[in-house]
Every structure is written in C-alpha cells, then in structure tokens.
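**Q** Sending over a structure as structure tokens; questions will come in a sec.
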Amino acid sequence: MAVVVAFPEKAFTRVSSRDKVGSTLVAARPLPKGTSVTAYGSEEIVPEPTMHTLAIRAGAHGVPRDGAEFVSHSCSPNTDLVAVALKDGKLETTTDAAVVHAVVLVANRDIAEGEEISFDYELNEWDMATPFTCQCGNSNCRGYISGFKNATAANQEELLKKATPLILSTVAAAPAAAPAAAAAATA
C-alpha cells in the first residue's frame, strides 16, 4: 500500500563545515523518526549523472533539493531512501522504478540537532563514477564505496533490504551482474 509522503521543510536542515570533508548537511533542530529530511528530484531531473545527483530511475537523475548535495554517506545511516511517485497531485511511495518522481530521505531514527544527515550511497548507485574510501567509522563500515554491483555478496544481500526500486529492478534485469543479490531477491 502506498503511503503519502510530504516534501521536507528547508528549516529542518542547514549546511555546516566538517574537517577533511568540507560541507555537510546537519539537522537544524531535533528530527523525530519518520521525518522527511531532504530530497532529490521532483523539481529538476537531468538525464546524465553528476557528482551530486541521485539516480531516481533509468536515465533520470534527481537534482538535490535544499542542501541534499551535502548529505554524507554512512554504512549505518540515519535516513532511508524512499522512492515516491506523483499520483493525483500527491507524492506516494512506490516500488515501481519506472514512475519514480523523487527520492526522499526519511529519518530512520530520531536525529539530534547538529547531527550529520546521512544515507548509504550503495542503496541507490549501481556503479559509482566517483568511488571513495568510507570514513563513517561505524563498526559495520564496508571500507570502500563503489556502488551496489561492486559490493560483496553478503553486503549486497543486506543492501537489498533497503535498496531503491532502481537497484531492485537492475538486479532483476541483470542477475549475472550481481548473482548473490539476484538469488536473495528471488528467495
């Protein structure tokens, strides 16, 4: 069943400086679990990826809204990616990769004021143009982030639990590219 999702309020976040990384998006006030924090897409969608866009469906990349380009990666993120489609003038969650209109970052736990906003980049990117060494420091840190298709079989299986419709449809269409993920997706 689809759930109606609201676009986040700009007042929820602010851009802040962080040593060695540059700018990052942080909570401007306490954000309860379930809060729509920021989003990619809806207002502007481009055909080619850039360093700061987020793939929302095949051939469509959402331009960040309200500072979303400063959201950090974490292997234990404080937001989940929620794909939404426009239906009857409202944004509703969707699992259909072909109709995704935007991806909203929704708090998966309470986020404290001043805390960095993060999501797991491999939940949405199949093969990253700019891979990097992760600096999240979490106990489950995967070390090198280069896209879903490059993750270990065990990590792919775990990532599938929260992956976006784009990743799920890519795995379904090309099981040989991620055999462990394809097996887990059909189990």
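Bear in mind these aren't lab numbers, they're just calculated from the coordinates by the rules spelled out. Since the model is a prediction, treat every value here as computed from it, not as a measurement. Neighbour counts run over all protein chains shown; Cβ positions are idealised from the backbone, glycine included.
**Q** If you take the C-alpha gyration tensor of segment 67-171, multiply each eigenvalue by 5 and take the square root, what semi-axes do you get, largest first, in whole Å? Working shown, then result.
**A** On the way: eigenvalues 103, 68, 26 Å².
Over the Cα atoms of segment 67-171, the ellipsoid semi-axes are 23, 18, 11 Å.
**Q** Once amide H atoms are placed 1.01 Å from N in the peptide plane, what residues at a sequence separation of 5 or more from L91, or on another chain, have their amide H within under 5 Å of its amide H?
**A** Amide H neighbours of L91, under 5 Å, 5+ apart: V5.
**Q** Just the number, please: percent antiparallel of the DSSP beta bridges in the chain, rounded to the nearest 5. Mind dumping the intermediate values first?
**A** Details: 32 of 34 bridges.
Counting only bridges with both partners in the chain, antiparallel ones make up about 95 percent.
**Q** Let me ask something additional. What is the sum of charges, Lys and Arg at +1 and Asp and Glu at -1, for the other residues whose Cβ falls under 13 Å from the Cβ of M51? All intermediate terms of the calculation are to be shown ahead of the outcome.
**A** Details: positive: none; negative: E48, E69, E125.
Result for the local shell: -3.
**Q** Something else: Collect residues whose amide H, placed 1.01 Å from N in the peptide plane, falls under 5 Å from the amide H of T13; neighbours closer than 5 in sequence don't count.
**A** A28
**Q** 7 Å from Cα along Cα→Cβ at both R29 and T95: what's the point-to-point distance in nm?
**A** 3.5
**Q** Can you tell me the length gained on complete extension of the stretch E113 to A154, counting 0.36 nm per residue apart and subtracting the Cα distance? Could you put the intermediate results ahead of the total?
**A** Values: separation 41, 0.36 × 41 = 14.76 nm, distance 3.36 nm.
Full extension from E113 to A154 adds 11.4 nm.
**Q** Add +1 for every Lys or Arg and -1 for every Asp or Glu among the other residues with Cβ under 14 Å from the Cβ of G62, and state the total. Spell out each step's value before the answer.
**A** Working: positive: R57, R65; negative: E43, E44, E48, D66, E69, E125.
Computed value for this residue: -4.
**Q** Shifting gears a bit: Considering the chain, what Rg and Dmax in Å follow from its alpha-carbon atoms?
**A** 15.7, 45
**Q** Taking the Cα centre as origin and putting +1 on Lys and Arg beta-carbons and -1 on Asp and Glu beta-carbons, what dipole magnitude results for the chain, to the nearest 20 debye?
**A** Numbers: 15 positive and 21 negative charges, 35 e Å.
Around 160 debye, computed over the chain.
**Q** Here's another thing I want to ask about it. Select from segment 113-175 those trypsin sites (Lys or Arg not before Pro) which occupy a DSSP coil region and have at most 13 other Cβ atoms within 10 Å, ordered by residue number.
**A** Values: sites: R142, K149, K161, K162; in loops: R142, K161, K162.
In loop regions of segment 113-175 (DSSP not H, G, I, E or B), the sparsely surrounded trypsin sites (Lys or Arg not before Pro) are K161.
**Q** Tell me the relative contact order for segment 28-67 as a rounded percent, counting alpha carbon contacts under 8 Å between residues six or more apart.
**A** In percent, rounded to a whole number, it is 40.
**Q** May I ask for the net charge around L159, where only other residues with Cβ less than 13 Å from the Cβ of L159 are counted and Lys, Arg are +1 while Asp, Glu are -1? Please list the in-between numbers first.
**A** Numbers: positive: R142, K149, K161, K162; negative: D80, D120, E122, E125, E157, E158.
Counting the neighbours of L159, the net charge comes to -2.
**Q** Summing -39500 (n - 2.57) over the DSSP H runs of n ≥ 4 in the chain and dividing by its residue number, what mean residue ellipticity at 222 nm do you reach, to the nearest 500 deg cm²/dmol? Kindly include the intermediate steps, with their values, before the conclusion.
**A** Working: 3 runs with 24 residues, N = 187.
Mean residue ellipticity, 222 nm, calculated: -3500 deg cm²/dmol.
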